[in-house]
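Here's the structure, in structure tokens; my notes come after.
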Amino acid sequence: MAEPAPITKEELTSKLVQELAKKGDEIPEEYLQKDGFPEAIDAPDLWRDNLLIDFSLLSSSTPERAKLRSALSQWGCFQVINHGMETSFLEELIEVSKQFFALPLDEKLKCSAADDVFQGYGSDSVYAGAQTINWNDRLFLTLYPEEKRKLQHWPTKPEKFGGMINEYSNKLATMTEAIYKAMARSLNLEEDCFLKHQGKHGPITGRISLYPRCPCPERVLGLKPHSDGATMTFLLPEKEVEGLQVLKDDLWYTVPVIPGALFVNFGDLGEVMTNGEFKSVIHRVVTNAAKDRISMAAFCTPEDEKEIGPVSELVSIHQPQKYKKFNIHEFRQMFFENYAQGRRTMDALKL
Ligand SMILES: O=C(O)CCC(=O)C(=O)O
Ligand SMILES: [Fe+2]
């Protein structure tokens, strides 16, 4: 199956959840989860202790790296604080994103994803195939490195948007490098082991999502259970509205919003790279009837020309290779095909 063909702006508009939500409380069948879905557990202490990483300690503290290792191998995610970005800056990023989604439709369509479904403003239903559709609209943008940005899809309004996103992306690129190093050291590997494998300037793609308030939250998901087609994802949530949940041992856990913290999760390419030492976490987003929710996800991937596969340092007689080797183009194709059929790409990557 090929990637989806471009669609017209009219088709795109007809699939926007924000427009649908304005029409009233009737929800089309294709958004409804037939059998509902299980509730999540609140375990706030876990997120304030075992799964909370102090970024400023990663380069100097062995215990902090051990905590990182344990979080990634057991859960595939953590929250990170003391990363050097002010809480007020992060809150403003969400605010500016809110302002984008609040613009008139015509203005937003200037960044439309109609001609390229993986860049710009649009909704998931465009390429969801015959499955239940996610209750969200989003703005997809290549954030890093700068020369890969497709600026025709970048909003010019609000005016602050471009500058703030630029600052944020550069900061994430620096953080990624430091986290890859700490991950390697936590596994007693050479510090540059994962960095060499990924390249220093692997693309970071942003996905800013709007989950409009939903009249039927018990039957509708903002984002269905999935794992990310990335090595690692940084997620900046809106401070007042929770929605993200992660799966561990068949139970769902609410991810609480910790002001100023970023949620970091491992994706499929990260699990492959570490030969399964670190897990690609399955997660989902629930909706709520009271408020819209905004989040900003940033997906880190390897440099395009890198071969993807488990690093040789984590393959041995005692630790057989668990995943195939492939390149990013093969991966994107597989990811899209599996996504459209509601399957996990991870399963197709196993040997
Ligand atoms: O909105 C969120 O909290 C999660 C977003 C996400 O999982 C994704 O975009 O892949
Ligand atoms: Fe995700």
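The values are calculated or read from the model by the stated rules, or taken from the named source; none is laboratory data. Source: prediction; values computed, not measured. So basically every Cβ, Gly included, is an ideal-geometry build from the backbone, and we count neighbours across all protein chains shown. Please note that ligands, DNA and RNA were not included when accessible areas were found on the heavy atoms of the full protein model with its side chains. Shrake-Rupley method; radii C 1.70, N 1.55, O 1.52, S 1.80 Å.
When +1 charges are put on Lys and Arg Cβ atoms and -1 charges on Asp and Glu Cβ atoms, the dipole computed for the range 252-351 relative to its Cα centre reaches about 440 debye.
Take the Cβ atoms of N170 and L46, set R0 to 35 Å, and the FRET efficiency comes out at 0.65. Within the range 307-351, the GluC sites (Glu not before Pro) that combine a DSSP coil assignment with at most 10 other C-beta atoms in a 10 angstrom radius are E307. The residues of the range 1-112 present an accessible area of 55 Å² per residue when probed at 1.4 Å with all protein chains retained. Here is the list for the range 23-68: GluC sites (Glu not before Pro) lying in DSSP coil, each with at most 16 other C-beta atoms within 10 angstrom of its C-beta, are E26, E39.
Within the listed set E92, E147, E303, the Gaussian network model of the chain (springs between alpha-carbon atoms below 10 Å) gives the highest mean-square fluctuation for E147. Between the helical axis of 328-340 and the longest alpha-carbon principal axis of the chain there is an angle of about 50 degrees. Averaging over all projection directions, the Cα-based convex hull of the range 30-126 occupies 10.3 nm² in the image plane. Among H153, H226, the order of accessible area from largest down is H226, H153, computed with a 1.4 Å probe on protein heavy atoms. With the charge dipole of the chain set up from +1 on Lys and Arg Cβ and -1 on Asp and Glu Cβ about the Cα centre, the Cα lying farthest toward the positive end among the listed residues G270, W154, Y121 is that of G270. Shape class for the range 128-176, computed from the alpha carbon gyration tensor (a ≥ b ≥ c): prolate, with a/c not under 1.5 and a/b above b/c.
When the solvent-accessible area of the range 27-349 is split by element, carbon and sulfur atoms take up 49 percent of it, the probe being 1.4 Å. What angle, in degrees between 0 and 90 and rounded to the nearest 10, separates the Cα long axis of helix 161-186 from the longest principal axis of the Cα atoms of the chain? Compared with the principal axis, the helix lies near 30 degrees. Out of S112, T301, F100, whose Cα points farthest toward the positive end of the dipole of the chain (charges: +1 Lys, Arg; -1 Asp, Glu; placed on Cβ)? The Cα lying farthest towards the positive end belongs to T301. Working note: Debye formula, equal point scatterers on the alpha-carbon atoms of the chain, no solvent; log10 I(q)/I(0) at q = 0.09 Å⁻¹ is -0.46.
Taking a sphere under 9 Å around the Cβ of V285 and counting the other residues whose Cβ falls inside, with K and R at +1 and D and E at -1, yields a net charge of +3. Loop-located trypsin sites (Lys or Arg not before Pro) in the range 1-72 (DSSP state other than H, G, I, E, B) with a sparse environment of at most 12 neighbouring Cβ atoms within 10 Å: K34.
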